[in-house]
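What follows is a short report on a single structure.
The values are calculated or read from the model by the stated rules, or taken from the named source; none is laboratory data. Since the model is a prediction, treat every value here as computed from it, not as a measurement. Reconstructed Cβ throughout: ideal geometry from the backbone, glycine too, with neighbour counts over all protein chains shown.
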Amino acid sequence: MVAAIEVHQTSQEKAGAWKEQLTLFSPALNPSPVSSYQSVDARPTESLVPYSIVHSITGRVRFRVRRLIYDADYAHRLQVLLENEPNVTHVKLKPTAMSVAVKYQTGQVSDKQMHRHLGNLIQLAATPIFPAASESDTAESGNSWSNLKLPVLATFLALLAGSVGLPIPAMLIGGTVAVASIPVAKRAFDSIWNNKRLNIDCLDLMALTLTSLQGKLITPSTILLLHEIGDLIRESTARQSTRKTLDLLDSLSQFAWVERDGTKKQIPVQQVNPGDVVIVYPGEQIPVDGEILRGKALIDQQQLTGESIPVTREVGQTVYASTLVREGQLYILTQHTGSDTRAGQSIKLVQDAPVYDTRMENYAAQLADQAILPALFFSTGVLVTTGSMARAASILTLDFVTGIRVSVPTTVLASMTAAAQRGILIRSGRSLEQLAEVDTVVFDKTGTLTQGDIVVVGVRTVKENTIIRVLEIAAAAEKRLTHPLASAIVRYARKQGVRRLHRGKWNYQVGLGVRANINGEAVLVGSDRLMNQEGISLEALHRQHPDLEGASPIYVASNGQLVGVIEYADPLRSESKTVIKQLHDRGLDIHILTGDRRQRALTVAKELGISSDNIHAEAFPEQKATIVRQLHESGKTVAFVGDGINDSAALAYADVSVSFGSGSEVARETADVVLMENDLSSLVKAIALAQQTQTLIKQNTRLAVIPNVAALSVATTVGLNPLLAAVVHNGSAIVAGVNGLRPLIGDTQD
């Protein structure tokens, strides 16, 4: 999992020591800022780490460094270098966005020198000459593994003494077992003292005490070792239960052009206030929510609403932050900024979504709680009636819960690892568990079920005109226009091998289409509104092609006569039909939830065989979250699949959220499951793996319980040696654990 990296430093001395080492390799960290900056010669074309400057203003620069997304150690080293640079005041790394934003003091060096100096540090971070993980992370990991040292040592010594016969003092082995048992004793007494109840640690402590008193030290040492391994594996399947705070401004524009006192100036978007007039040029992202004062533009709203086809907006209409101006220029009266924008509210919904403990539900712990008192009373009764401490110890030793405590997390970890090998990132054991229970899958449409791009899907002609003729004049009229439909027509025409005709005078009108002179012909390519304006009838077309429906049309006319229509659409992903069928075959209920128009959503649903009753269209992010929440509250276990900012709120409220590796950063960070190969088929594999995991856990429960129950019967009737009880107990745990590793060997029913 790639996540935003926070560097924890325990002292300035440690950072200073790293800087001393680094100075040996490069003058970049020389205390003399001016000389060191002037000596830098960063040459990206020859560098080991390619990078580019995305944008910069005085005192601030943002780099794009592709290596960040796959090399967490490099990201850590780079952040340490930048944070310990004297002139740098703030560093923000976002590996998933391949982004490094740096704020620095100005005055001593020029921006150009600073940029070159920072470029040198980007290269220097590729040299692994200081720790690759933060000290706190290393300490935490070290503490987890260090818990195994004493149980391993105790087990090793007990084996050498018991099996090999080496003269190892029993006091040494017993002392090692006693020290290794301290964490168990502490948890047991804490539960009794603070919670006023017995827990599984109390049962473990009694079993450890009785078996140790009998002198059979191999039994308590092995129990300790298995417990610690199980706890360690279980911890590795956990995920933090708090959601990361998502920085809205990193998903939106960083700068805005504003008109103040009659002049235009570019300022950071954080400084834009309601009432400011913001100017947005072609190709720029709209940074605020507001009303258009002047201008007309073609706006791509896909990131916010999911609509794959741009819409026209003009004076008096509202536009939203995070949408993109494809064509035209707008003067916008700012109404909302930052977290108050519609996109910002989407992020707030994510942050306010209910957070669940993402650790795999501790099935073993629940079972253990139920087994404590019966096991305690049973062993006490046997001790009183038979006077045999061995029998009582055997009953406590035959703790079938231990096998489950080891096998459940082992199975979960194996499944998560197997998923990663298949290009599926499952963030937690709870996500895996919930995925197995899913009975309803809700898909975003654009970019999820469809390709998220406009393509030509057909050409219809009128009367004697040919498809080649329609494409020739349409492609000539549309060439070099920035509209996505124009690009799609030109691409399609080239693929068909049509002639490239010369375009004379031309005029493009946002929302209507283009007029152009092509080899002396007055050609029109545009909407039905353009045709109506020019008095061109569409009757002949509909008479000749009564089945003209589904795909969106763009009309082509020449010298006042309609010659044909080009149909375009956002086509389905190649795997979508197969995936929907497989999910239907598994008995899952399928819904489409989209910000796009209902007619387009119905067209997609019809192609995929999804009921029209399960279509939720024209939904903004907060409405998407409401629909997902309603499905959940109706008793369904809901998986939501989406990839845009507009999907983030719905992802946060779903039982299981699924996104793509190529999805927006917000969607990736919110998702419980990320399909890294951007293939929808991986969803079916993930569900199959989750269901297999559930089956394995049930199998492992039987493998752990049945042998121990049988041995328990023997122990209470004719008696059972505690060592043999330990063999049954630990052997069943090992068998269950090995069975849980099956996903790693490719034994998955997908």
Flag if T717 is modelled with pLDDT under 80 and outside the structural domain of G429 (by TED's automatic domain parsing): yes
Residue within the stretch 220-233 that is over 30 Å from L148 (Cα atoms), outside the structural domain of T58 (by TED's automatic domain parsing), modelled with pLDDT under 80 and over 35 Å from the mean Cα position of the chain (by Cα) present: no
Filtered residues of the stretch 610-620 (kept if closer than 14 Å to V442 by Cα and either of a type outside the set (A, V, I, L, M, F, W, C) or part of a loop (DSSP other than H, G, I, E, B) (or both)): I610, S611, S612, D613, N614, H616, A617, A619
Scan of the stretch 657-672 for residues that are under 21 Å from A617 (Cα atoms) and modelled with pLDDT of 75 or more, ordered by number: S657, V658, S659
Flag for T701 being polar (S, T, N, Q), assigned to a helix (DSSP H, G or I), without any contact (Cβ under 8 Å) to a residue 40 or more places away in the chain and at negative phi: no
Any hit, the stretch 533-555, residues being in the same structural domain as R460 (by TED's automatic domain parsing), part of a helix (DSSP H, G or I) and of a type in the set (A, V, I, L, M, F, W, C): yes
Counted residues, the stretch 687-713 - those being of a type outside the set (S, T, N, Q), modelled with pLDDT under 85 and either surrounded by fewer than 16 Cβ atoms within 10 Å (Cβ to Cβ) or in contact with a Gly (Cβ under 6 Å, 6 or more places away or on another chain) (or both): 6
Residue in the stretch 673-686 that is modelled with the lowest pLDDT, counting only those that are touching a strand residue (DSSP E or B) at 6+ places or on another chain (Cβ under 8 Å) and β-branched (V, I, T): V674
Any hit, the stretch 185-202, residues being modelled with pLDDT of 80 or more and buried (at least 19 other Cβ atoms within 10 Å of the Cβ): yes
Considering residues of the stretch 572-596 that are surrounded by fewer than 17 Cβ atoms within 10 Å (Cβ to Cβ) and basic (K, R) only, the residue nearest to T450 (Cα to Cα): K577
A649 touching a Pro at 6+ places or on another chain (Cβ under 6 Å) and in a helix (DSSP H, G or I): yes
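State which residue is farthest from V459 (Cα to Cα) when the search covers only the stretch 557-603 and only residues that are part of a strand (DSSP E or B) and within 27 Å of the chain's Cα centre (by Cα).
D589
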Filtered residues of the stretch 483-529 (kept if among the small types (G, A, S), at pLDDT 85 or above, under 43 Å from the mean Cα position of the chain (by Cα) and outside any strand (DSSP E or B)): A486, S487, A488, A493, G497, S527
Unique residue being in contact (Cβ under 8 Å) with a residue 40 or more places away in the chain and crowded, with 24+ Cβ neighbours inside 10 Å when the list is A569, A650: A650
Among the residues listed as S181, S144, the single one being in contact with a helix residue (DSSP H, G or I) (Cβ under 7 Å, 6 or more places away or on another chain), closer than 21 Å to I229 by Cα and at pLDDT below 70: S144
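Yes or no, residue by residue, for (1) modelled with pLDDT under 85; (2) more than 30 Å from the chain's Cα centre (by Cα):
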{"residue": "L82", "(1), (2)": "no, no"}
{"residue": "P86", "(1), (2)": "yes, yes"}
{"residue": "K94", "(1), (2)": "yes, no"}
{"residue": "M98", "(1), (2)": "yes, no"}
{"residue": "A101", "(1), (2)": "no, no"}
{"residue": "T106", "(1), (2)": "yes, yes"}
{"residue": "R116", "(1), (2)": "yes, yes"}
{"residue": "N120", "(1), (2)": "yes, yes"}
{"residue": "Q123", "(1), (2)": "yes, no"}
